[in-house]
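For reference, the structure is listed below as C-alpha cells.
Here, each number is a calculation from the coordinates, and none is a lab measurement. Values in this document were obtained by computation on a predicted structure and should not be read as measured data. Here the Cβ is made from the backbone with ideal geometry for all residues, glycine too, and neighbour counts use every protein chain on show.
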Amino acid sequence: MSILLLHNRNLSRRRHLSRIRDYAAQHGERLILVMKDPAWEREYADLVVAADISGTVATVGAVTALARKEASPVTAIVTFVEQAVPSAAACAQVLGLPFISTEAAYLARDKYAMREAFSEVRVDQPAYRLAGTTEDACTAAARIGYPVIVKPLIGSGSKYVQRVNDEMSMRQVFASLRQASWANFSYDPLRAQAEARYAGAVLIEGYVPGCEISVEALVVDGVPQVVAIHDKPLPMTGPFFAEIFFATPTALPESTISAVVAATETAIKALGITTGATHTEFRITPDGRVVMLEVAARVGGACVYQSVLLSTGIDLVASVLDLARGVRPALPGTEPCRLGAGPVTTARPVGHYLIFADQPGILVGTNGVDEARARSDVRDLEVYHQPGELVNVPPHVSQAHGHVIFTAASRDGLAATCDELARTIRLLTKPVPPS
Ligand SMILES: Nc1ncnc2c1ncn2[C@@H]1O[C@H](COP(=O)(O)OP(=O)(O)O)[C@@H](O)[C@H]1O
Ligand SMILES: [Mg+2]
C-alpha cells in the first residue's frame, strides 16, 4: 500500500516531509513523492517520481499511470502545498480516494469564486470587485472607498497583494500589479484557466483594518473542528503583507473566539470542504468585527504545523494522513485552544518568527544563530540557505530564509522573546556584482 504525496519545493516543509516519511513507515505504507526536479526531498520517500505538476490534466495522467503500474495500490493522496490542492483533488477523484471534491478545491483557490460563495452564506467579508484596466480599478476603488487592496485572483503567500491609498497611487501601480498577478504564477495549474475566465482581471477589495489571525481546523466527515488560532501580533498595515510573527494560543476575548469559530465553520461548509485540514485567515477590526480574508484547503504554511504540535499536541500532518487513508484522527477534546480558565488551559504559548535577510543579495553568513539556538526557550531554528546562495526579500518573495520557534511562560511573553530573537539573528548578504 502506498501514500502518494504531490509536492512543490518549499524549504520550510522539511519537518512535514520527515513526519510523512515516519508516518508511512509506522503504518507499513510506501511513500511515493511526485514533484518537479526532486533533489534533497528524495531522502524522505521510498519512490520519487519527477513530474511537472503545474498542469492538472498532466498531473492526473502521470498519477493514474503510476497508480496502474504500482504493484502496491495507492491508498491515499495528500499534499501540503497550496498549488497542488486542485490536482490532488482531481487525482483522488479518478482513483476513488478520500479527498475534497474538485469543486471545493477550486473554490478554495479562486479568490473571486470564494468571495461569491461566502456572500451566499453571509460571511462578513470586505467589499470586492473585479478590475481588468486602470479605469476599472479606479471606478471599483471609488465605489468601495480607499484604501483598497489589489490582489491576484490565484495567488498565495501575499505575493503581489498591495494596499493602495488613493486614485493617484492606483494609476501608478495598477498596470504593473495586474501584469505581475498573472505573469508570476505560471507554475500554478489554475493560472491559464483563471486568466481566461477573468480576462486578465484582478481583485479590488476594501482594506480591512485591525489585527490578523489564522485558524487551523480539521474537517472530519464534513464536520469542522477548530484546533488552534494564531495571532499575528506585528502590525500588518501594508503596503505589502509579509507574515513575520505568529503567536498561539490567541489573546482574543472569548466572545470573539466564538464568532471566529462560527465563521470558520460556515465558510468551510460554504466551500464544500468535507475532509482534511483548513487554514483560514481573518482580520478583527478595532470595533470587533470578524472579517473573512480567505480559506485554504490545507495545513497552514510557515511553521504552523510545528507550532500547533508544540502548543496543543495535535499533529496536523498525521491527522491529514489519517483522513486521506479514511481513518478518523485521534483528536483530544478540541475546543479552540487558548490560554485561560477551563479545559483549554493546556495550550502552551508558542511563537514562531520567520527570518528574512535585511537586504537582497548573496548570503555571506549569519549572526546570532548559535546564541539563539543555545536559549532554552528556542525549540527550533533553521536557516534554509547556505552561504553563496542568492536571496531576495518581500514583496518579491514570500518564502522566508529561515525560522525560529520558541516558547514563553505566558502568552504575553512571546512578543518580547520574538523581539529579542529578531534583534539577535541576522542573515548577512553582499550585493550581487554587476554582470
Ligand atoms: N481586504 C483586505 N484588507 C486588509 N488586508 C488584506 C485584505 N486582503 C488581503 N490582505 C492582506 O494581504 C495578505 C494576503 O492576502 P490573502 O487574501 O490572504 O492572499 P494570499 O493567498 O496571497 O495569502 C493577508 O494576509 C492580509 O494581511
Ligand atoms: Mg492568505
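Rounded to the nearest 0.05, the FRET efficiency derived from the C-beta distance between residue 1 and residue 193 at R0 = 45 Å is 0.85.
Size of segment 127-206 from its Cα atoms: along the principal axes, largest to smallest, the extents are 33, 22, 21 Å. Pull out a ≥ b ≥ c, the square roots of the eigenvalues of the alpha-carbon gyration tensor of segment 5-86, then state rounded if a/c is under 1.5, prolate if not and a/b is larger than b/c, and oblate in the remaining case. Since a/c reaches 1.5 but b/c is at least a/b, the shape of segment 5-86 is classed as oblate. Taking one quarter of the surface of the C-alpha convex hull of segment 211-348 gives a mean projected area of 8.0 nm². D by Stokes-Einstein for segment 203-249, Kirkwood Rh over Cα pairs, 4 °C, 1.567 mPa s: 102 µm²/s.
Charge dipole of segment 352-430 (Cα centre as origin; +1 on each Lys and Arg Cβ, -1 on each Asp and Glu Cβ, all else neutral): 60 debye, rounded to the nearest 20.
In whole Å, what three semi-axes, largest first, describe the equivalent ellipsoid of the chain built from its Cα gyration tensor (square root of 5 times each eigenvalue)? Please report the intermediate quantities before stating the final value.
Numbers: eigenvalues 175, 149, 125 Å².
Taking √(5λ) for each eigenvalue gives 30, 27, 25 Å, largest first.
For segment 138-282, the spread of Cα positions along the three principal axes, ordered from largest to smallest, is 43, 33, 28 Å. Ranking 400, 181, 139 by how far each Cα lies toward the positive end of the dipole of the chain (charges on Cβ) leaves 181 at the top. Under 5 Å between amide hydrogens, built in the peptide plane, is the criterion, and for residue 379 it picks out 405, 406, 407 among residues at least 5 positions away or on other chains. For residue 159, a cut-off of 18 angstrom between C-alpha atoms picks up these lysines, skipping any fewer than 8 places away in its own chain: 111, 151, 232. Only aspartates and glutamates eight or more places from residue 430 in sequence, or on another chain, were considered; those with a Cα closer than 14 Å are 358, 389. Quick check: from the Cα gyration tensor, does segment 10-50 come out rounded (a/c under 1.5), prolate or oblate? In terms of gyration-tensor shape, oblate. Once you reduce segment 1-56 and segment 100-114 to the center of their Cα atoms, the two points are 24 Å from each other. Under a point-charge model restricted to the Cβ atoms of Lys and Arg (+1) and Asp and Glu (-1), what is the dipole moment magnitude of segment 2-99 relative to its Cα centre, in debye to the nearest 20? Magnitude of the dipole: close to 120 debye. Spin-label model, residue 285 to residue 134: label points 7 Å out along the Cα-to-beta-carbon direction sit 3.1 nm apart. For residue 77, the residues 5 or more places off, or on other chains, whose built amide H falls under 5 Å of its own are 4. Basic side chains Lys and Arg get +1 at the Cβ, acidic Asp and Glu get -1 at the Cβ, and with that the dipole of the chain about its Cα centre reaches some 460 debye.
Residue by residue, segment 306-312 carries 3J(HN,Hα) couplings of 5, 5, 5, 4, 5, 7, 10 Hz when phi is fed to the Karplus relation 6.51 cos²θ - 1.76 cosθ + 1.60 (θ = phi - 60°); x denotes Gly or Pro. Backbone geometry of segment 409-416 corresponds, through the Karplus equation with coefficients 6.51, -1.76 and 1.60 at θ = phi - 60°, to 3J(HN,Hα) couplings of 5, 9, 4, 5, x, 5, 5, 5 Hz, x marking Gly and Pro.
Counting helices only, and only those DSSP H runs with n ≥ 4, report the 222 nm mean residue ellipticity of the chain as the sum of -39,500 (n - 2.57) divided by its residues, in deg cm²/dmol to the nearest 500. Spell out each step's value before the answer.
Values: 13 runs with 142 residues, N = 435.
About -10000 deg cm²/dmol.
A cut-off of 5 Å between modelled amide H atoms, ignoring neighbours fewer than 5 places along the same chain, links residue 294 with 281.
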